[in-house]
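Data first, discussion second: the structure below is written as structure tokens.
We did not get these values from a lab; they are worked out from the coordinates using the rules stated. No experiment lies behind these values; they were computed from the predicted model shown. Glycine also receives a Cβ, built like all others from the backbone with ideal geometry; neighbour counts cover every protein chain displayed.
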Amino acid sequence: MADYKRALERHAYPVLGRMRLVDIEPRDVRALVATIERKRLSPNSVRIAIAPVKAMLATAVEDGAIRSNPAAGVRLRTARAGDRWRRVGSSPTFGTLTRATPSDHRTIRCSG
């Protein structure tokens, strides 16, 4: 639940936060997705960031607060060869981290 809250605060609230639930339309959800994609996050990160919005809107439909889910038909981009996304760290950073971690605690392997 904390991850959903963090994703909403970081991504959704700045774009949709002042809107009434009944006023949110598919174009607004697409604008949110586009805003997140401009941050050069991977498609999987975009999917994770949009998940709480989709869940919130689905629950609103189930509860009768809105008639249809404006996020239901919004397509997310998929990964393509050659795509580049923002990295959390570079390979040298992970190498330094790996060397500093005791071998019996290493669970991450880096390549490249």
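Couplings 3J(HN,Hα) for segment 60-75, derived from phi with the Karplus relation 6.51 cos²θ - 1.76 cosθ + 1.60 (θ = phi - 60°), are 4, 5, 4, 7, x, 6, 9, 7, 9, 8, x, 8, 4, x, 6, 8 Hz, where x marks Gly and Pro.
What does the net charge come to around Pro52 if you take all other residues with beta carbon closer than 13 Å to its beta carbon, with K and R at +1 and D and E at -1?
Cβ neighbours under 13 Å give a net charge of +3.
Simple spin-label estimate for Ala34 and Ser68 gives 2.1 nm between the two label positions (7 Å along the Cα-to-Cβ direction from each Cα). In plain terms, the chain from Leu76 to Asp23 could stretch by 16.9 nm, reckoned as 0.36 nm per residue minus the Cα-Cα distance. The stretch between Arg47 and Tyr4 holds 14.3 nm of extra length on full extension. This uses 0.36 nm per residue minus the Cα-Cα distance.
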